[in-house]
1. Cα-Cα pairs above 22 Å in the stretch 30-104: how many percent?
2. Extending each Cα 7 Å along its Cβ direction at Asp10 and Ala72, get the distance between those two points in nm, one decimal.
3. Roughly speaking, to the nearest percent, how much of the chain's 1.4 Å accessible area is carbon and sulfur?
4. Please compute the contact order of the stretch 101-166 in relative form: average sequence separation of alpha-carbon pairs under 8 Å and at least six residues apart, divided by the residue count, as a percent.
5. So how much slack lies between Glu158 and Val117, counting 0.36 nm per residue of separation and subtracting their Cα-Cα distance, in nm?
6. What 222 nm value per residue comes from the helices of the chain, counting each DSSP H run with n ≥ 4 as -39,500 (n - 2.57) and dividing by all residues, nearest 500 deg cm²/dmol?
7. How would Met125, Met87 line up by accessible area, probe 1.4 Å, largest first?
8. How large is the Kirkwood hydrodynamic radius of the chain, counting all unique pairs of alpha carbons, in Å?
Amino acid sequence: VGRAELATGDASAAERLASALEAAQQARTDPAEIYDAAVELGAWTFQHERYAESRAAWSIAASYADGSRFGAQFSRANSLTGGAAAMFMESLGRRARQELPEDVARDAWQMLNEAVVALQPLALMNADGEVTLAQRAYAQPLAWRGIVRAKLHAAGQELPTYAEAE
């Protein structure tokens, strides 16, 4: 019901869905239901600039990626991308200064790198026709890495040490 309510634009539906997700985790509900609801909540809250809530929802989705119909590898990587994007945007929204906090840069970069590594082999499959879902998903962490890199460069910051090792 919470997932359906999100489509109506009811802001309180996000709170009800977050509560339902918490209850579903405690009740050990089917991972597929938890994953799908967490993805919808993560996307909805991101679109509505509720980045802390989005980050939490994407974290739940990553934990329940084995319940996705798209496979755990794809779904976890997709969830990591959403979580890194939400973390990045949340950090920008609450900071008056231009620099990206070191821990946010490091964690977001690491999550995005993990997503790239997981999605790259999937994106290379069936590459002889239309753009596939895996290729579109692979483009997302690549794009967000570019955004993080640009933000760090513009602020005169270095890439995280983890990033240099990659």
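The values are calculated or read from the model by the stated rules, or taken from the named source; none is laboratory data. What you see is a predicted model, and the numbers here were worked out from it, not measured in a lab. Neighbour counts are summed over all protein chains in view; Cβ atoms, including those assigned to glycine, are modelled from backbone coordinates with ideal geometry. What goes into the accessible areas is simple: the full protein's heavy atoms, side chains included, and nothing from ligands, DNA or RNA. Shrake-Rupley method; radii C 1.70, N 1.55, O 1.52, S 1.80 Å.
1. Numbers: 682 of 2775 pairs.
In whole percent, the long-distance tail amounts to 25.
2. Taking the two extended label points, one gets 3.5 nm.
3. The C+S portion of the solvent-accessible surface of the chain is 51 percent.
4. Answer for the stretch 101-166 is 47 percent.
5. On the way: separation 41, 0.36 × 41 = 14.76 nm, distance 2.19 nm.
So the extension gain works out to 12.6 nm.
6. -24500 deg cm²/dmol
7. Values: Met125 105, Met87 10 Å².
Ranked from most to least accessible, the order is Met125, Met87.
8. Values: mean 1/r = 0.0605 Å⁻¹.
Hydrodynamic radius (Kirkwood, Cα pairs) of the chain is 16.5 Å.
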